[in-house]
Ligand SMILES: [Zn+2]
């Protein structure tokens, strides 16, 4: 095909491999957040005094007033289910034997997306208090999966 025959509106495409030599990092705040989970089994947030907001996961600046945030605090391991869904398929499209419950766990003015465990699916509800269950320290790798799951808070 010559240049004159080519559709100028068509997207350009080149086939081949592109070497990637960089690594994604969690950043300054992510490093502190994940290291606390791995080493101490703690969930850390930061507090903005100007806006009266607790960011979870912690951040190093306030997205509202742009203040630098250096008041890191242990926010505990308890939150509540803000919303949830059930997954019936695996990533490869195959059917799961049991549905997987995934929820946004509201903590402070933020929260974490994670799976639920030790709960009957029909008992899951919006507003349900839940707590993080950490893996044993020797199994933690500095990722969100250092939390095994969130389970209903038992009183
Ligand atoms: Zn602020």
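Observations
- Taken over the chain, the alpha-carbon convex hull comes to 237 cubic angstrom per residue.
- Ranked list, fewest to most other Cβ atoms within 10 Å of each Cβ, for 20, 102, 130: 20, 102, 130
- For the pair residue 139 and residue 61, label points projected 7 Å from Cα toward Cβ lie 3.9 nm apart.
- Between helix 27-40 and the chain there is an angle of about 40 degrees, using the helix long axis and the longest principal axis of the Cα atoms.
- Separation between Cα centres of the stretch 99-116 and the stretch 35-77, rounded to whole Å: 17 Å
- Helix-only mean residue ellipticity at 222 nm for the chain, each DSSP H run of n ≥ 4 adding -39500 (n - 2.57), per residue, nearest 500: -3000 deg cm²/dmol
- Beta bridges by DSSP in the chain, antiparallel share as percent, to the nearest 5: 95 percent
- Relative contact order computed over the chain (Cα-Cα under 8 Å; 6+ residues apart), in percent: 19 percent
- With neighbours defined as other Cβ atoms within 10 Å of a residue's Cβ, the residues 149, 24, 82 order from fewest to most as 24, 82, 149.
- Residue 23-residue 49 FRET efficiency (beta carbon distance; Förster radius 25 Å; 0.05 resolution): 0.15
Any read-out appearing in this document is the output of simple, stated calculations on the displayed coordinates, not a laboratory observation. All values reported here derive from a predicted model rather than from experimental measurement. Cβ: placed from backbone, ideal geometry, glycine included. Neighbour counts: every protein chain shown.
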